[in-house]
1. Can you list residue pairs whose Cβ atoms sit under 8 Å apart, with the first residue in the range 6-23 being within 11 Å of LEU198 (Cα to Cα) and of a type in the set (Val, Ile, Thr) and the second being modelled with pLDDT of 75 or more and assigned to a loop (DSSP other than H, G, I, E, B)? Count only pairs 6 or more apart in sequence or on different chains.
2. Taking the range 225-250 only, how many residues are at positive phi and assigned to a helix (DSSP H, G or I)?
3. For the range 8-45, which residues satisfy the criterion of being of a type in the set (D, E, K, R) and buried (at least 16 other Cβ atoms within 10 Å of the Cβ)?
4. When residues of the range 84-128 are filtered for being of a type in the set (S, T, N, Q) and more than 12 Å from ILE51 (Cβ to Cβ), how many remain?
5. If you go through the range 1-30, how many residues are at pLDDT below 75, among the small types (Gly, Ala, Ser) and either closer than 20 Å to THR184 by Cα or not in a loop (DSSP other than H, G, I, E, B) (or both)?
6. Would you say THR45 is among the polar types (S, T, N, Q) and under 22 Å from the mean Cα position of the chain (by Cα)?
7. Using the structure shown, decide if GLY258 is surrounded by fewer than 20 Cβ atoms within 10 Å (Cβ to Cβ) and touching a His at 6+ places or on another chain (Cβ under 8 Å).
8. Test of understanding: among ASP43, ASP77, ASP91, ASP36, which residue is farther than 23 Å from VAL225 by Cβ and either in contact (Cβ under 8 Å) with a residue 12 or more places away in the chain or assigned to a loop (DSSP other than H, G, I, E, B) (or both)?
Amino acid sequence: MSDEAGGPGLPAWSGAFTGQGPGRVTGLPLPEPRRDWAWAGGDGTGVKVAIIDSGVDADHPAVGGVAGAVAIEPAPDAEEGYRVVEGPHEDLYGHGTACAAIVRALAPGVELWSVRVLGSNLKGKTSAFYGGIQWAIANGMHVANMSLSSKSDQWYAILHEAADEAYFANLMLVCAANNLPGPTYPSQFASVFSVAALPGDDPEALAYNTSPPVEFGARGIDLDVAWTNGTTINASGNSFATPHVAGMVARVLSKHPGLTPFQVKSVLHAVARNAD
């Protein structure tokens with residue numbers, strides 16, 4: 001796989017968006033200006049976004065509340081099973097709050113849902129990741145932000161099946177590539193919106209990568225992000241680029257309800273900064 005190394009100080013896969021960049025692509029001939037056609041006036045209203053992560057601090061001023069919350073926990077009596085625990089919860093780490101706040105900043109009208117699958121060490125069982133996707137499908141989410149991944153080959157086929165199920169259910173899975181080189185899932189799958197970080201200050205920065213498996217690059221380096229207890233921290237990573245893309249997807253869906261994942265991908269491809 002090309003461009004695995006992100007370069008000095010950059011997450012893996014980000015190298016494709018630095019230097020000479022990923023090269024030019026030819027997008028759909030959308031009406032000009034293309035970004036206005038894509039999302040002008042779309043603030044995320046009517047779009048349900050699941051933050052599949054460590055939980056969300058609903059009281060953080062940058063989050064602006066959540067519509068609901070569930071925790072997906074491994075079932076004690078089944079290695080590959082899980083259970084759903086409904087009800088408000090805290091963010092056990094801060095990571096989910098950061099992602100939720102980024103989505104809210106780009107698409108203030110979205111309906112945010114916290115789907116907690118990670119613990120206080122920012123780790124979780126892959127069965128919970130799978131359960132989070134299944135919950136999002138079953139509960140009519142339009143977008144799922146997954147700034148997490150699994151390296152387990154054991155779960156490759158199961159997560160692939162879940163990603164395909166989401167694709168055909170019109171659930172946009174927006175997934176972070178790992179910050180370290182090597183394959184991780186579900187970010188490797190063609191059915192998801194895979195994302196790596198690129199430098200810059202523009203929250204609407206978007207580039208399309210011509211060297212798979214990562215497709216999209218978005219702002220994710222040296223950011224001030226929301227954290228627990230109403231605080232902020234400075235952070236970098238593919239994790240924080242991903243909710244930028246999730247927010248853009250929500251805006252497209254808000255303006256053009258009913259688009260399928262491949263249609264939304266085509267729109268983002270067309271409005272990418274390296275698209276002709």
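1. Qualifying pairs under 8 Å: THR18/LEU10; THR18/PRO199.
2. Total meeting the criteria: 2.
3. ARG34, ARG35, ASP43
4. Here the count works out to 4.
5. Qualifying residue count for the region: 4.
6. Here the answer is yes, as THR45 does meet what is asked.
7. no
8. Of ASP43, ASP77, ASP91, ASP36, the one residue that is farther than 23 Å from VAL225 by Cβ and either in contact (Cβ under 8 Å) with a residue 12 or more places away in the chain or assigned to a loop (DSSP other than H, G, I, E, B) (or both) is ASP77.
The values are calculated or read from the model by the stated rules, or taken from the named source; none is laboratory data. Quick caveat, the model's predicted, so the values are computed rather than measured. A quick note on method: Cβ atoms are made from the backbone with ideal geometry, for glycine too, and the neighbour counts reach across all protein chains shown.
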